[in-house]
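S.K.: There's a structure below that I have some questions on.
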Amino acid sequence: EDQVTQSPEALRLQEGESSSLNCSYTVSGLRGLFWYRQDPGKGPEFLFTLYSAGEEKEKERLKATLTKKESFLHITAPKPEDSATYLCAVISNFGNEKLTFGTGTRLTIIP
Amino acid sequence: DSGVTQTPKHLITATGQRVTLRCSPRSGDLSVYWYQQSLDQGLQFLIQYYNGEERAKGNILERFSAQQFPDLHSELNLSSLELGDSALYFCASSPTGYEQYFGPGTRLTVT
């Protein structure tokens, strides 16, 4: 069964303090790994899709990378508006197109 | 705004009752997915429809059912509601079977 583990569960950073969130996955053939941002009470907002090891994607202060076992979401010089829960999810090559989610990292940026 | 709409935003009902949640996918997206998010379980896949046909089932209870109509909107029906069914219910749509775009969700409270 596909599994996704995210760490840390929660992270508090000062504004401007860069860091990385981790997503470890176990899947029978990776079709894609996805990062989402979720604000409290809102729907997940799509950020990135990564398909193969070595791939990187960037958007503003966020950069996602992928290896054969894990993905990292690097946040450079974060601002308070980056505070949210960041979710990682995978779709397997085998079976259906369901997203299997991790439990997320709750990020708080302190001004 | 993802382009996926869900109604109602909030729903409060009593145990044993039946409710219907509605989702309109992004224009042109043929796939619709339903997910449940509770505090202790995280985001869990329930069911997928593609162009009116059921394509995949996840951890969906027998008391729950869904359908997708010719205009591609989808409804999730929850019956014989229990306290444990209280959760956020999200609908997502996808053009490709890869990245999924989530709606704002329906918050269901069962009292």
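The values are calculated or read from the model by the stated rules, or taken from the named source; none is laboratory data. Please read all numbers here as calculations on a predicted model, not as lab measurements. Cβ: placed from backbone, ideal geometry, glycine included. Neighbour counts: every protein chain shown. These accessible areas exclude ligands, DNA and RNA; they are computed on the full protein's heavy atoms, side chains included. Shrake-Rupley method; radii C 1.70, N 1.55, O 1.52, S 1.80 Å.
S.K.: Which of the residues that make up the range A:8-60 are in contact with a Leu (Cβ under 7 Å, 6 or more places away or on another chain), within 17 Å of B:GLN100 (Cβ to Cβ) and among the aliphatic types (A, V, I, L, M)?
M.R.: Within the range A:8-60, A:LEU33, A:LEU47, A:LEU50 meet the criteria.
S.K.: May I pose another question? Taking the range B:55-70 as the region of interest, how many residues are at pLDDT 95 or above, of a type outside the set (A, V, I, L, M, F, W, C) and closer than 23 Å to B:THR96 by Cβ?
M.R.: 3
S.K.: Report whether or not B:GLY58 is within 10 Å of chain A (Cβ to nearest Cβ), without any contact (Cβ under 8 Å) to a residue 12 or more places away in the chain, surrounded by fewer than 19 Cβ atoms within 10 Å (Cβ to Cβ) and of a type outside the set (A, V, I, L, M).
M.R.: In short, no.
S.K.: Scan (1) within 14 Å of chain A (Cβ to nearest Cβ); (2) more than 27 Å from A:TRP35 (Cβ to Cβ) for the single condition B:GLU75 breaks and write down its number.
M.R.: Of the numbered conditions (1) within 14 Å of chain A (Cβ to nearest Cβ); (2) more than 27 Å from A:TRP35 (Cβ to Cβ), the odd one out for B:GLU75 is (1).
S.K.: Filter the range B:82-101 for residues that are within 15 Å of B:PRO25 (Cβ to Cβ), open to solvent by less than 40 Å² (accessible area, probe 1.4 Å) and at the interface with chain A (Cβ under 10 Å from one of its Cβ atoms) and give the result.
M.R.: B:PHE90, B:CYS91, B:ALA92, B:SER94, B:GLY97, B:GLU99, B:GLN100
S.K.: Within the range B:56-74, is there a residue that is over 14 Å from the mean Cα position of the chain (by Cα) and part of a strand (DSSP E or B)?
M.R.: no
S.K.: Considering only the range A:23-65, state which residues are in a strand (DSSP E or B) and acidic (Asp, Glu).
M.R.: Answer for the range A:23-65, where residues must be in a strand (DSSP E or B) and acidic (Asp, Glu): A:GLU45, A:GLU56, A:GLU58.
S.K.: I would also like to ask the following. Tell me which residues, restricted to the range A:38-63, are within 13 Å of another protein chain (Cβ to nearest Cβ) and open to solvent by less than 40 Å² (accessible area, probe 1.4 Å).
M.R.: A:GLN38, A:GLY43, A:PRO44, A:LEU47, A:PHE48, A:THR49, A:LEU50
S.K.: Would you be able to tell me the number of residues in the range A:84-107 that are among the basic types (Lys, Arg) and either out of contact with any Phe, Trp or Tyr (no Cβ under 7 Å at 6 or more places or on another chain) or at pLDDT 95 or above (or both)?
M.R.: Of the residues in the range A:84-107, 1 are among the basic types (Lys, Arg) and either out of contact with any Phe, Trp or Tyr (no Cβ under 7 Å at 6 or more places or on another chain) or at pLDDT 95 or above (or both).
S.K.: Based on this model, can you work out whether B:ASN77 counts as open to solvent by 80 Å² or more (accessible area, probe 1.4 Å), among the polar types (S, T, N, Q) and either out of contact with any His (no Cβ under 9 Å at 6 or more places or on another chain) or not in a loop (DSSP other than H, G, I, E, B) (or both)?
M.R.: Values: open to solvent by 80 Å² or more (accessible area, probe 1.4 Å): no; among the polar types (S, T, N, Q): yes; either out of contact with any His (no Cβ under 9 Å at 6 or more places or on another chain) or not in a loop (DSSP other than H, G, I, E, B) (or both): yes.
Spelling it out, it is not the case that B:ASN77 is open to solvent by 80 Å² or more (accessible area, probe 1.4 Å), among the polar types (S, T, N, Q) and either out of contact with any His (no Cβ under 9 Å at 6 or more places or on another chain) or not in a loop (DSSP other than H, G, I, E, B) (or both).
S.K.: Which condition from (1) at positive phi; (2) within 13 Å of chain A (Cβ to nearest Cβ); (3) open to solvent by 10 Å² or more (accessible area, probe 1.4 Å) is the one that B:GLY105 breaks?
M.R.: Every listed condition holds for B:GLY105 apart from (3).
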